[in-house]
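*Asks:* There's a structure below that I have some questions on.
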Amino acid sequence: MLKAVVSLYIAAVLSLVFAAVGIWRLRCEGFGCMGVGVAWFAWVVAFFVVLGVGLFARSKAAPVASLARTARVTWWLQLALGALAVAAWLSKSAA
């Protein structure tokens, strides 16, 4: 069960990466880029849901050494992804 939760978490983080790249490449279709904003809002909601799953997986995987390391590395990767998204947003809004 624990291995499945960690595997699900890894797949969810990879999905967040691919979704962020896809949303980043979207073009504004008019009306103030509202569709892109809604897509980013949905991404942020998914990011925090996946972060919660990651915290759960990280805390439960502590007794198993290989799973704990994998969950911890993936959690830090997700945090770095979030920081990169915030930095990109700030640089884009400042321009």
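What follows draws every value from the coordinates through simple rules; no lab data is involved. On a predicted model such as this, the values are computed, not experimentally measured, just so you know. Don't worry about glycine lacking a Cβ; one is built from the backbone with ideal geometry, like all the others, and counts go over all protein chains shown.
*Asks:* How do Arg58, Arg27 line up, fewest other C-beta atoms within 10 Å first?
*Replies:* On the way: Arg58 19, Arg27 7.
In increasing order of surrounding Cβ atoms, one gets Arg27, Arg58.
*Asks:* Work from the charge dipole of the chain (Cβ charges, +1 for Lys and Arg, -1 for Asp and Glu, about the Cα centre) and give the residue of Ala80, Met34, Thr70 farthest towards its positive end.
*Replies:* Thr70
*Asks:* Measuring from label point to label point, each 7 Å out along Cα→Cβ, what is the Phe48 to Leu26 span in nm?
*Replies:* Spacing of the two 7 Å Cα→Cβ label points: 1.9 nm.
*Asks:* Can you compute the helix-only [θ] at 222 nm over the chain? Use -39500 (n - 2.57) per DSSP H run of at least 4 residues, normalise by all residues, nearest 500 deg cm²/dmol. Mind dumping the intermediate values first?
*Replies:* Values: 3 runs with 80 residues, N = 95.
So the helix-based figure for the chain works out to -30000 deg cm²/dmol.
*Asks:* Over the chain, what relative contact order in percent results from Cα pairs under 8 Å that are six or more residues apart?
*Replies:* Across the chain, relative contact order equals 34 percent.
*Asks:* Sort the following peptides by mean Cβ neighbour count (other Cβ atoms within 10 Å, averaged over residues), highest first: 18-24, 51-57, 87-93.
*Replies:* Values: 18-24: 13.6, 51-57: 17.4, 87-93: 9.9.
Packing proxy ranking, top to bottom: 51-57, 18-24, 87-93.
*Asks:* Shifting gears a bit: What does the extension gain come out to for Val17 and Val36, with contour length at 0.36 nm per residue minus their alpha carbon separation?
*Replies:* Numbers: separation 19, 0.36 × 19 = 6.84 nm, distance 1.61 nm.
Going from the current span to full extension adds 5.2 nm.
*Asks:* Additional query: With a sphere of radius 14 Å drawn around the Cβ of Leu51, what net charge do the other residues whose Cβ falls strictly inside it have (Lys, Arg +1; Asp, Glu -1)? Please list the in-between numbers first.
*Replies:* Numbers: positive: Arg58, Arg72; negative: none.
That works out to +2.
*Asks:* Residue by residue through the stretch 13-19, what is 3J(HN,Hα) from phi via Karplus (6.51 cos²θ - 1.76 cosθ + 1.60, θ = phi - 60°)? Round to whole Hz and write x for glycine and proline.
*Replies:* 5, 4, 5, 4, 4, 5, 5
*Asks:* Which angle from 0 to 90°, rounded to the nearest 10, does the C-alpha axis of helix 65-94 make with the longest principal axis of the chain?
*Replies:* Helix 65-94 sits at roughly 10 degrees to that axis.
*Asks:* At 0.36 nm per residue, minus the direct Cα-Cα distance, what do Ala94 and Ala62 gain on full extension? Give it in nm, one decimal, please.
*Replies:* Working: separation 32, 0.36 × 32 = 11.52 nm, distance 4.13 nm.
Fully extending the segment from Ala94 to Ala62 adds 7.4 nm.
*Asks:* Could you list Arg72, Arg25 in order of exposure, starting from the residue whose Cβ has the fewest other Cβ atoms within 10 Å? Walk me through the numbers on the way to the answer.
*Replies:* Numbers: Arg72 15, Arg25 7.
Lowest to highest Cβ neighbour count: Arg25, Arg72.
*Asks:* Can you tell me the orientation of helix 34-60 relative to the chain, as the angle in degrees between its alpha-carbon axis and the longest Cα principal axis, to the nearest 10?
*Replies:* 10
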